[in-house]
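To start, the structure itself, in structure tokens.
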Amino acid sequence: MNHILIVSYHFPPAGGVPVRRVLRILRHLPAHGWRCSVLTADRPFDPFHGEDRAGLATLPPAERVLRAPARSGLERALARGFELLSGAGRRVGGEAQGGPAAGPAGAGLRRLLHETLTFPDAKRPWVRGAVALGRAAAREDPFDLVLATGFPWSSFLVADRLRSSLGRPMVLDFRDAWTENPRGLWTGPRNRRLEAELVSRAAAVVVATDWIRDHLRALYPRISPERFVTVTNGYDPAEQPAPDTALRDPHHLVLAYTGTFNDALPPSRFDHTPYYLIEAIRRVPAETRAALRVRLVGRVGPAYRAHVRALGLEDVIEIVPPVAHTRALQYQMAADALVLVVCDAPGSTAVLTAKLVEYVAAGKPILALAPDCEASRVVNAHKLGWVEPPADVERIAKRLEALVQDWRGGTLGGGGLPGVPSLAASVQVERLAEVLRRALASEAPSMTRAETKAPGLRASKE
């Protein structure tokens, strides 16, 4: 069997969306003739996703899990600085309040840092130790190929240095867009040059959405378009726990959201926010509101907890602190419908969140508050539920009224069938296995720095 090294900064006990894609690869890739080892960070710092130690008990088998020091002291200091800049020192009713640094001003400062002090991202300090650990492991049990998944983009640096020193092909996995990311944090010239150089040296580039694939093909026309392949996030029935009937509420229409929200209040267009959903709940007629229960399961900041209390909506909106991934899945299974939120920021058309495929596995209809993007197109194409503009409070409110009416009449529908075959993790990993096979057979030639500045590689320009 071939031996692959998967470079992923995030890995259990780290939790959240970044981990799920790697775990599904680990679970399904061995069936296609691969032994899998993982190179990750020891105690990585992630203020958004936190830990999920329960996930350690259900890890798919791996040859080795190599843990390099995260060295996250600088990142922790910067995170605290952004917390202070965002107004976390201001308190209302004993609660810290979010503020402007989560919006364009904060994004501008982060963009500057990602071109200078934290280039290309704040995870950079782990690169040297990770490369050394990967080289040492290769001497004991050589790798045939290195696959790196990002964000963080520093994982790509680890893979590139191992590619160079080990003489093995490298495959890059873009879970998100880099220089055209909707958050706009990596648009500077250094990041554009680095993306161009790494993409040019990769034997293949795997991406999570067709939009990212098409964007990279257009950005790098001198590279064969066949080198860019979409492997979407996929749902995995093996992850589904037994339902918890205690979470069911037959007396109300239960909507559930699982995940993380930004805490900026009021939000900017860049924020992943519950603001417009909360406003819609506030505006629906009292009899509609009385029939609703909305569960926000995960990281909801103090600004929005205080906002819900101030509006007197605590009986309608239940905020559940972060839970283990399996527990989050049980909350999904216990709901009558699931809420998906995608902000309407530039570049959001690329978004196909991993949350969507988990919702599909739960078998419940989906209320997508999203612009025209990859996620909303999937919901519409497979008749999985309903799509409303993410900031249109009136339309969201009318949709909530209609859902309550359907629920009362016993006709709540919208699809949500637990089987969209093309979104199954096993299908997507089979596609990845074919990409890896081709990468082994025909490694992409390296390009020099001078070549990456050629007109065909426009990422080197501002």
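The values are calculated or read from the model by the stated rules, or taken from the named source; none is laboratory data. Keep in mind the model is a prediction, meaning the values are calculated, not measured. Backbone-built Cβ (ideal geometry, glycine too); neighbour counts: all protein chains shown.
Some values worked out for this structure:
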{"read-out": "First in the stretch 67-85 and surrounded by fewer than 19 Cβ atoms within 10 Å (Cβ to Cβ), second anywhere and part of a strand (DSSP E or B) and modelled with pLDDT of 75 or more, Cβ under 8 Å, 6 or more apart", "value": "ARG67/THR40; ARG67/ALA41; ARG67/ASP42; PRO69/ALA41; PRO69/ASP42"}
{"read-out": "Which numbered condition ASN262 fails, given (1) touching a Ser or Thr at 6+ places or on another chain (Cβ under 7 Å); (2) farther than 16 Å from ILE319 by Cα", "value": "(2)"}
{"read-out": "Number of positions in the stretch 198-227 that are closer than 30 Å to LYS364 by Cα, surrounded by 19 or more Cβ atoms within 10 Å (Cβ to Cβ) and out of contact with any Lys or Arg (no Cβ under 8 Å at 6 or more places or on another chain)", "value": "5"}
{"read-out": "Scope the stretch 365-384; condition part of a loop (DSSP other than H, G, I, E, B) and without any contact (Cβ under 8 Å) to a residue 24 or more places away in the chain; matching residues", "value": "ASP372"}
{"read-out": "Qualifying strands (runs of 3 or more DSSP E) (wholly inside the stretch 144-213; at least 1 residues being among the β-branched types (Val, Ile, Thr) and without any contact (Cβ under 8 Å) to a residue 60 or more places away in the chain)", "value": "204-207"}
{"read-out": "Subset of the stretch 337-364 that is among the hydroxyl-bearing types (Ser, Thr, Tyr) and in a helix (DSSP H, G or I) - its residue that is modelled with the highest pLDDT", "value": "TYR359"}
{"read-out": "Members of the stretch 27-37 that are surrounded by fewer than 23 Cβ atoms within 10 Å (Cβ to Cβ), closer than 23 Å to ALA424 by Cβ and not basic (Lys, Arg)", "value": "LEU29, PRO30, ALA31, HIS32, GLY33"}
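A quick yes/no check of all residues on (1) modelled with pLDDT under 95; (2) of a type in the set (A, V, I, L, M, F, W, C); (3) under 22 Å from TYR359 (Cβ atoms); (4) in contact with a helix residue (DSSP H, G or I) (Cβ under 7 Å, 6 or more places away or on another chain):
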{"site": "GLY414", "(1), (2), (3), (4)": "yes, no, yes, no"}
{"site": "PRO418", "(1), (2), (3), (4)": "yes, no, yes, yes"}
{"site": "GLU430", "(1), (2), (3), (4)": "no, no, no, yes"}
{"site": "GLU434", "(1), (2), (3), (4)": "no, no, no, no"}
